[in-house]
Amino acid sequence: MLSLSVFFKGFGIGSGLIVAIGVQNAFVLKQGLKQQYVFWLCFLCALSDSILIALGVLGFAELMTASPLLVTIAKYLGATFLLVYGTKAFYAAFKTTQTMQLESNHKQTLTQVLLTGLAFTWLNPHVYLDTIILIGSVATQFEDKISFALGSIVASWIFFFSLGYGSRLLKPLFSNPKAWKVLDFMIGCMMWSIAVSLLL
């Protein structure tokens, strides 16, 4: 039977970790502003988080910490991806203003958006740290691990769909190409800083 107190503890922990702005969230925000494939991207990110949280709570945190090679491979793959995508963000920030409009002609396909979303999730070691290691470790305190996992998972679904669909409220601000440039520049800085922190 679902324990509401444990559920809300899981919800609180999940919210605190997921809400912190990261590269995955920045990508969801950007797609929400563009209003391109928002539902499927939010669905993909929330589903991925749900799988990782479930794995963490079911004991895979120990497996990850016991396999340094797995962590090292994820670290270098993630850093490479972040450096490349960060470079693209910097390039977009300094490009001509026409392509920075929200109603851009350079629309990505659904496959491109989903593959990028998958890469930001599964090639980002910070996601494993938050979902598998941290949430998995906290879950060991509770007998009812299922309620805790469900609370964290619900927090993830609420957050991603709120971010994806709520970002359209910022659309008037981002109709100004300068605001779009600033966002791209900030995303580039964030990706490069995370990549460097992973390599160091």
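The values are calculated or read from the model by the stated rules, or taken from the named source; none is laboratory data. All figures in this text were calculated on a predicted structure; none of them were measured in a lab. As a convention, Cβ positions derive from the backbone with ideal geometry for all residues, glycine included, and neighbour counts pool all protein chains shown.
Among the residues of the range 114-137, some residue qualifies, meaning at least one is over 30 Å from PHE8 (Cα atoms), at pLDDT 80 or above and β-branched (Val, Ile, Thr). Meeting the requirement of 2 or more residues that are surrounded by 17 or more Cβ atoms within 10 Å (Cβ to Cβ), the helices (runs of 4 or more DSSP H) wholly within the range 131-176 are 136-139, 145-166. Would you mind stating whether ALA54 is modelled with pLDDT of 90 or more and either among the small types (Gly, Ala, Ser) or not in a helix (DSSP H, G or I) (or both)? Considered against the rule, which asks whether it is modelled with pLDDT of 90 or more and either among the small types (Gly, Ala, Ser) or not in a helix (DSSP H, G or I) (or both), ALA54 comes out as yes.
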